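Here's the structure we're looking at; comments come further down.
The values are calculated or read from the model by the stated rules, or taken from the named source; none is laboratory data. Please read all numbers here as calculations on a predicted model, not as lab measurements. Here the Cβ positions follow ideal geometry from the backbone for every residue, glycine too, while neighbour counts run over all protein chains shown. Keep in mind that these areas ignore ligands, DNA and RNA; they rest on the heavy atoms of the full protein, side chains included. Shrake-Rupley method; radii C 1.70, N 1.55, O 1.52, S 1.80 Å.
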Amino acid sequence: MNSFIYDIPTKVYFGENQLSHLGPELSRFGKRVLLTYGGGSIKKIGLYDKVTAEIKAAGLQLFELDGIAPNPHIDSVRKGAEICKREKIDVLLAVGGGSTLDATKFMAAGACVDFDPWKFLSEWAPIEKALPVVTILTLAATGSEMDCGGVISNPKTQDKIGRMEFPMLPKVSFLDPVNTYTVNPYQTACGAADMMSHIMEVYFNMDQDLQMLDGIMEVLMKTIIRYAPVAMEQPDNYEARANLMWASSWAINGFVNGGKRQAWSCHPMEHELSAIYDITHGLGLAILTPRWMKYTLDETTASKFYQFGVNVFGIDASQPHMEAAKKSIELLGDFFFRTLGLKSSLHEIGIDDKNFEIMAKKACNGGTLPGFKPLNQQDIENIFKMCLSSFNG
Ligand code: NZQ
Ligand code: ZN
């Protein structure tokens with residue numbers, strides 16, 4: 001078993017009526033607050049008024065940056081970093097989904113350097129410090145509220161690049177499931193697919209040495225499978241929204257990794273799809289994951305798929321491993337494409353094979369993705385091709 005460090009110091013206020021803590025928490029970091037948000041959903045749901053009232057009541061000075069797009073652009077990060085420097089911001093408050101939170105983390109880091117923040121992604125410039133970030137999450141999906149990562153797009157270069165660095169970890173996150181009641185069924189479904197993928201990227205690993213974490217991941221996946229359809233049907237079902245929200249945080253906050261060091265596979269492939277076609281991240285993952293599973297299933301990996309099928313989908317444990325493995329992939333496809341109603345092929349969302357070669361090259365940096373099964377450029381291209389037609393189990 002590999003050794004590992006466990007250190008997740010984000011303070012979480014979970015549940016309803018916690019916003020009275022916002023002013024005091026922000027005040028710990030100073031007086032000047034930059035509030036960041038997306039295209040306006042926080043105004044429609046009345047959260048903007050509540051947040052700004054708390055900030056004013058605490059005697060803090062408010063600055064704002066809005067318009068952060070899904071698959072957030074480096075230009076928003078640049079703008080935010082500039083405001084931080086110009087206005088001597090003490091703390092950033094990100095209110096929204098993963099895109100707003102991710103962009104804000106890089107603004108916080110960009111505020112502490114005198115070069116273009118795109119260099120954090122294009123050249124891996126060091127991220128040694130960042131201004132403090134506080135978040136109020138409005139969409140359960142990415143886990144950005146409790147991890148130190150972010151993914152930023154550069155439409156000019158058609159790159160979408162992610163990075164995790166400890167200084168960008170949110171200091172405090174407010175997770176009120178009520179704030180996700182207005183997330184539409186499509187985004188709810190995409191969020192569920194994203195969370196499933198975060199867990200599966202770690203779970204599909206042939207190290208058999210940390211069974212307690214496998215068990216926790218199986219419960220997290222069962223939670224998502226149980227509650228995502230409920231939240232789609234009944235958007236204001238508190239129990240469903242709460243279970244999804246807390247599962248989203250724990251799927252990727254580092255806890256389930258333990259000492260597992262294997263690289264992720266579906267995320268690097270998906271980031272190439274959303275970089276070029278600006279599709280929703282969770283949709284891309286839903287389309288890719290069952291194909292990636294089919295591609296990586298063989299005699300050496302079947303036992304893991306068997307474990308997944310039996311413990312997550314409750315399939316008959318007496319079947320041969322390979323049969324159960326195939327059934328488990330079929331059931332995951334059913335969940336994504338029938339239960340959640342997501343489109344099952346790239347063709348259906350208007351994507352053809354034109355860019356597959358360059359996307360595959362970028363996904364593995366021209367080498368090999370050292371994941372569950374190592375994938376070279378040709379393997380990745382093959383997986384993209386499998387995504388062109390509808391999923392048939
Ligand atoms: O922009 P607004 O108006 O806020 O609308 C958003 C956006 O249109 C809307 N929305 C959010 N909360 C809502 C709401 N609509 C109604 N009611 C609410 N309560 O939903 C749309 C999508 O929002 P976005 O933030 O883009 O979604 P998500 O949270 O799925 O974030 C996706 C981004 O996160 C990255 C993805 O690659 C993508 O760029 N990821 C970040 C990760 C991380 N930080 O660790 C890991 C993930 O794997 C992922 O790559
Ligand atoms: Zn993801």
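Each residue in the range 241-261 was checked for being touching a Pro at 6+ places or on another chain (Cβ under 7 Å) and either of a type in the set (Lys, Arg) or within 20 Å of Gln208 (Cα to Cα) (or both), and 1 pass. Restricted to the range 196-292, the set of helices (runs of 4 or more DSSP H) holding at least 2 residues that are under 19 Å from Gly371 (Cα atoms) and within 11 Å of ligand 1 (Cβ to nearest atom) comprises 238-252, 266-277.
Inspect all residues belonging to the range 277-291 and state whether any of them is surrounded by 20 or more Cβ atoms within 10 Å (Cβ to Cβ) and polar (S, T, N, Q). Checked the range 277-291: at least one residue is surrounded by 20 or more Cβ atoms within 10 Å (Cβ to Cβ) and polar (S, T, N, Q). Within the range 263-282, the residues that satisfy the criterion of being in contact with a Lys or Arg (Cβ under 7 Å, 6 or more places away or on another chain) and under 13 Å from Ile351 (Cβ atoms) are Glu272, Ser274, Ala275.
For the range 241-262, a residue qualifies if it is in contact with a Leu (Cβ under 9 Å, 6 or more places away or on another chain) and open to solvent by 40 Å² or more (accessible area, probe 1.4 Å), and the qualifying residues are Trp246, Trp250, Phe255, Asn257. Among the conditions (1) open to solvent by 20 Å² or more (accessible area, probe 1.4 Å); (2) at pLDDT 95 or above; (3) closer than 20 Å to Lys171 by Cβ, Tyr37 misses just one, which is (1). Picking from residues in the range 144-195 that are β-branched (Val, Ile, Thr) and part of a helix (DSSP H, G or I), the one that is farthest from ligand 2 (Cβ to nearest atom) is Val178. Scanning the range 92-112 for residues that are open to solvent by 20 Å² or more (accessible area, probe 1.4 Å) and in contact (Cβ under 8 Å) with a residue 24 or more places away in the chain yields Ser99, Ala111. Any residue at all in the range 203-219 that is closer than 16 Å to Gly314 by Cβ, open to solvent by 50 Å² or more (accessible area, probe 1.4 Å) and not β-branched (Val, Ile, Thr)? Checking the range 203-219: not a single residue is closer than 16 Å to Gly314 by Cβ, open to solvent by 50 Å² or more (accessible area, probe 1.4 Å) and not β-branched (Val, Ile, Thr).
Within the range 382-391, does at least one residue satisfy the condition of being closer than 25 Å to Met232 by Cβ, in contact with a helix residue (DSSP H, G or I) (Cβ under 9 Å, 6 or more places away or on another chain) and open to solvent by 20 Å² or more (accessible area, probe 1.4 Å)? Taking every residue of the range 382-391 in turn, at least one turns out to be closer than 25 Å to Met232 by Cβ, in contact with a helix residue (DSSP H, G or I) (Cβ under 9 Å, 6 or more places away or on another chain) and open to solvent by 20 Å² or more (accessible area, probe 1.4 Å). Of the residues examined, Ser265 is not one that is within 16 Å of ligand 2 (Cβ to nearest atom) and either open to solvent by 40 Å² or more (accessible area, probe 1.4 Å) or out of contact with any Asp or Glu (no Cβ under 7 Å at 6 or more places or on another chain) (or both). If you go through the range 117-134 and keep only what is of a type in the set (Val, Ile, Thr) and open to solvent by less than 10 Å² (accessible area, probe 1.4 Å), you end up with Val133, Val134.
You will find that of Tyr238, Tyr295, Tyr306, the residue that is touching a Pro at 6+ places or on another chain (Cβ under 9 Å), under 22 Å from Gln319 (Cβ atoms) and either modelled with pLDDT of 95 or more or surrounded by 18 or more Cβ atoms within 10 Å (Cβ to Cβ) (or both) is Tyr306 and no other.
Looking for something in a helix (DSSP H, G or I) and among the β-branched types (Val, Ile, Thr) - is there at least one such residue anywhere in the range 56-70? No, every residue in the range 56-70 fails to be in a helix (DSSP H, G or I) and among the β-branched types (Val, Ile, Thr). Scanning the range 42-72 for residues that are out of contact with any Lys or Arg (no Cβ under 6 Å at 6 or more places or on another chain) and open to solvent by 70 Å² or more (accessible area, probe 1.4 Å) returns Lys43, Lys44, Asp49, Lys50, Lys56, Ala57, Glu64, Asp66, Pro70.
Is it the case that Ala103 is part of a helix (DSSP H, G or I), within 16 Å of ligand 2 (Cβ to nearest atom) and touching a strand residue (DSSP E or B) at 6+ places or on another chain (Cβ under 8 Å)? Judged against the criteria, Ala103 is a match.
Applying the selection to the range 103-160, what residues are among the hydroxyl-bearing types (Ser, Thr, Tyr) and either within 13 Å of ligand 1 (Cβ to nearest atom) or closer than 21 Å to Ile55 by Cα (or both)? Within the range 103-160, Thr104, Thr135, Thr138, Thr142, Ser144, Ser153 meet the criteria.
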